[in-house]
Every structure is written in structure tokens, then in C-alpha cells.
Amino acid sequence: MSCGKCHGGFVIKQIPHEYKPGKTREVAVRCECSLALRQAALLKQSRIPERYVHGFKEYDPNFGGASLSLGLAKNAAIKFAEEYQPKCHGMLFVGPLGVGKTHLACSALRALVDRGIPCLFYAYADLLTEIKDTYNEQGAKYWTDTEGNRWETESQILNHVVNVEVLLLDELGKVKASDWVLDKIREIIGGRYDKQRTTIVTTNFLLDAKRQPGVPAQITLQEKIGSDMVSRLREMCRVVPMEGVDFRQAVKAVNFR
């Protein structure tokens with residue numbers, strides 16, 4: 001596709017000649033229209049939920065009351081997106097419901113897509129459901145990635161999830177643990193660990209047990225996906241704790257005033 005200024009997505013540009021001082025040479029570079037088309041394709045294939053495609057500008061860490069941890073989390077996500085390099089450490093957002101973990105994680109993903117980096121969002125529960133759907137011919141679905149590759153079987157989905165440059169796995173641990181669930185999460189996290197792929201994760205569960213006298217014990221991510229997977233996530237990601245009010249409840253309170 002051409003915009004009228006280019007030839008098949010490329011424009012001719014004059015650059016200084018490496019071996020002839022004062023001279024220039026012509027090179028073909030991608031036109032802005034081609035880059036815009038690729039960015040649009042990457043955004044579509046990233047599967048970022050529409051609610052979160054607008055990025056960091058709509059995340060207010062002080063909504064409902066000032067929160068130091070939420071402000072630090074936003075700064076950390078922005079810095080991650082700006083300084084990202086392949087095979088760098090990912091981020092593991094840990095906190096209660098409604099503090100904006102998914103919003104920040106998706107904002108970082110959107111910033112990477114804008115840089116032309118292939119990314120993929122998956123809610124943990126949805127990923128497992130879509131894998132199960134491939135077992136049923138009537139429920140099977142398929143997607144075509146930016147390179148035109150079609151994937152619809154369990155192995156194709158897992159291959160894409162394991163190999164995409166940046167994966168966002170949202171609400172890890174939400175699904176009740178079973179042998180099948182544990183096998184799948186080990187394939188995904190273990191596969192990305194081995195291939196040194198950058199991974200972003202959000203979870204509502206504490207990573208490890210923190211027993212306090214008089215306080216009921218909470219279910220931990222370690223109990224949900226296994227201590228070996230939590231250990232790998234700690235190595236793969238920077239842990240970003242988030243504490244604050246539930247944004248959704250705060251919005252309801254404002255709307256009913």
C-alpha cells in the first residue's frame with residue numbers, strides 16, 4: 001500500500017556517503033505510512049482490551065486518595081516502557097483488586113506497541129479457556145498474526161504465547177489449580193524463562209505466605225501455580241507492589257454523591 005509519497009511503502013533518502021567525504025548516496029527507507037500500518041496491525045494483534053488502549057494518561061494514582069505505591073508503580077511502568085530492550089526483565093504487579101494493575105500493565109504494553117514491538121495480552125483465565133476450546137472442533141477459534149501465520153491448535157497457541165516478544169499475562173492464579181492448569185502454566189512460564197522472553201504479569205495474590213498472629217492466612221500465588229514457577233517469575237520480573245483503594249468502588253462512590 002502506498003500513500004502517494006512513496007513507492008510500495010518506501011521512500012528514497014539521501015544520506016552522507018561513508019567513503020566519499022562531502023558526497024551523499026541514496027537509500028530506501030520505510031515511509032511513515034508503512035510504519036503506521038505496521039503499528040496498527042501490531043495494536044490489533046496485541047489484543048489489548050479497548051478500555052486500556054489509551055495508555056498512561058488515563059491512570060491517576062491519586063484517585064480516591066494519595067497513594068505512594070501507586071505513584072511509584074506508574075513511574076516504574078513508564079520507565080520500563082521507555083528503556084525496554086529485548087530479553088530485559090519484565091514486571092510483576094502484585095496487589096489487591098481495583099488498584100489498577102491491569103491498567104498500568106496494558107499502558108506499558110501499548111507504549112511498546114507504539115515502538116513497533118510485537119506484544120500480546122492474555123487474561124490468564126481466557127487463555128486457558130481458549131486452549132480448551134481447541135479440543136472441541138466446534139469451539140475452535142483462530143487468529144492470524146502480523147506475519148500472516150494462522151494459529152488455532154493448542155500447540156500453535158502455546159507456541160505463540162511462549163515466543164511473542166512481550167507477553168502480558170493478566171490475573172495470574174485466578175483459575176482454580178488442577179494438574180492440567182499447572183501443566184499449562186509451567187509450559188508458558190517455563191518456556192518463556194528458557195527463551196529469555198520479557199513477561200509482564202499481574203496478580204491479586206501475595207507471592208509467598210506471610211503469617212501474622214491473629215490474621216487469617218491468605219491464599220498465595222505459590223499455592224496457585226507452585227513455588228517453582230513463583231521462583232522463576234521472581235527471576236524474570238521486577239516485583240511491583242501496589243496498595244490503595246479499589247478504583248471501581250471509588251468511582252461508584254463519586255457517581256452516587
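The values are calculated or read from the model by the stated rules, or taken from the named source; none is laboratory data. All values reported here derive from a predicted model rather than from experimental measurement. Cβ placement follows ideal geometry from the backbone for every residue including glycine, while neighbour counts extend to all protein chains displayed. Just so you know, the surface numbers come from the protein's heavy atoms only, side chains and all, with ligands and any DNA or RNA stripped out. Shrake-Rupley method; radii C 1.70, N 1.55, O 1.52, S 1.80 Å.
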| Output for region 118-127, where each listed residue is aliphatic (A, V, I, L, M) and either closer than 14 Å to residue 175 by Cα or surrounded by fewer than 20 Cβ atoms within 10 Å (Cβ to Cβ) (or both) | 123, 125, 127
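Okay, residues lined up against (1) of a type in the set (Ser, Thr, Tyr); (2) surrounded by 14 or more Cβ atoms within 10 Å (Cβ to Cβ); (3) under 24 Å from residue 206 (Cα atoms):
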residue: 67; (1), (2), (3): yes, yes, yes
residue: 83; (1), (2), (3): no, no, no
residue: 97; (1), (2), (3): no, no, yes
residue: 103; (1), (2), (3): no, yes, yes
residue: 108; (1), (2), (3): no, yes, yes
| task | Please list, ordered by first then second residue, the pairs with beta carbon atoms under 9 Å, 6 or more apart or interchain, first in region 19-48 and within 15 Å of residue 117 (Cβ to Cβ) and open to solvent by 90 Å² or more (accessible area, probe 1.4 Å), second basic (Lys, Arg) and modelled with pLDDT under 75. | result | 38/30
| task | Say whether the condition of being part of a helix (DSSP H, G or I), under 30 Å from residue 222 (Cβ atoms) and modelled with pLDDT of 80 or more is met by at least one residue in region 29-46. | result | yes
| remark: When (1) closer than 30 Å to residue 245 by Cβ; (2) crowded, with 16+ Cβ neighbours inside 10 Å; (3) of a type in the set (D, E, K, R); (4) modelled with pLDDT under 90 are applied to residue 171, the one that fails is (4)
